[in-house]
Amino acid sequence: MALRTFVACIVGLCLAASPAQAEVMLGSPTFLPVPYAEGFGEVSPEVVYNGGVPSGLIKAIEWSGWGERTASGAGRKPIYRPNGGYYAAAARVRLKATSPGACPAEAGEFYRLLLVRVPLWPDGPLGPWQSWSGNDSLCGGGLKVHWESPGGGGYCGYTGEYGAGGEAKSIMASRIDCPAARRIVKRSQSEVSPAPSFGPRRFCGRRGCRVRIHGFRCRFHPIRLDDYADSEGAPLSEPLQRVSCKRGRAGIIWWYTHYFD
């Protein structure tokens, strides 16, 4: 009988602990003291918003594991088209709220770090984990800003002159460092031709193509009008092509500035 009572007490303690754990908040309420900001200082918010442009909004968030050391989430976020404006449909994104603990001069427990993975195009491969808005803390005041990915890689820039024909732009790497990712991108430029007259290299036209580069399986996706239209919807003379490469858990995505004879 005593053993049953002991077990029941243990179970009761466990059940009592769960609501306390669930009170962990996403950052401090003073993290973004601006009008229209949402989600910060709240428990498992369905919306996170910086209070500015649409790209700072994630909505319809569904969380799992809230109150544990790391909570995982999925939602949808407006993303930019490569030449301005937004895609009509919001893109799926992944979130991780982690680093639970205290914030200076704040009462309560907070997730002090929010990580997100965002694609370059709707329904495309997700980019690397990066801190929300580049901040290394969701506590209020004096935040260091950085764009490195916790798993290696991150935003790796572009090749050649930004936007020039035959160059790569907005290179994003996951689980591979930027110098190595850029070598793969440069190698692809020597194997895939941006125009039929560029010699024996494979011409990757409007329908796209697949190539293998240093063990990476790379896809040059079909060219789509909405990817190379300007912010007003008018087509540009230099279309852009979606490119994604994968090797194990490592991935690289970028825009390839394509042009034709």
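Derivation of every value follows stated rules applied to the coordinates shown; laboratory data play no part. This is a predicted model, so every value here is computed, not measured. Please note: Cβ atoms are built from the backbone with ideal geometry, for glycine as well, and neighbour counts cover all protein chains shown.
Give the calculated FRET efficiency between GLU109 and SER55 to the nearest 0.05, with a Förster radius of 30 Å applied to their Cβ-Cβ distance.
For R0 = 30 Å, the calculated efficiency reads 0.55.
Between ARG217 and SER64, take the C-beta separation as r, use R0 = 41 Å, and let me know the FRET efficiency to the nearest 0.05.
Efficiency for this residue pair is about 0.85.
Relative to the present Cα-Cα distance, how much length would full extension add between ARG201 and GLU23 at 0.36 nm per residue of separation?
58.2 nm
Please report, in debye to the nearest 20, how large the charge dipole of segment 154-257 is about its Cα centre when each Lys and Arg carries +1 at its beta carbon and each Asp and Glu carries -1 there.
Using Cβ point charges on Lys, Arg, Asp and Glu, segment 154-257 gives about 880 debye.
Taking the beta-carbon count within 10 Å as an exposure proxy, list VAL185, VAL93, VAL43 from fewest neighbours to most.
Arranged by neighbour count, lowest to highest, VAL185, VAL93, VAL43 become VAL43, VAL93, VAL185.
Hey, rough spin-label estimate for CYS209 and TYR87, points 7 angstrom out along Cα→Cβ, what's it come to in nanometres?
2.5
Suppose R0 equals 22 Å; then what is the FRET efficiency for SER99 and THR30 from their Cβ-Cβ distance, rounded to the nearest 0.05?
It comes out at approximately 0.80.
May I ask you to compute the full-extension gain from ALA180 to ARG76, defined as 0.36 nm times their residue separation minus their alpha-carbon distance, rounded to one decimal in nm?
Result for the pair: 34.4 nm of gain on full extension.
Between ARG187 and SER133, with labels modelled 7 Å along Cα→Cβ, what's the label distance in nm to one decimal, could you check?
Taking the simple label geometry, ARG187 and SER133 are separated by 3.9 nm.
Would you grab the residues whose amide H sits under 5 Å from the one on GLY157? Only those 5+ places off in sequence or on another chain, please, with H modelled 1.01 Å from N.
ILE171
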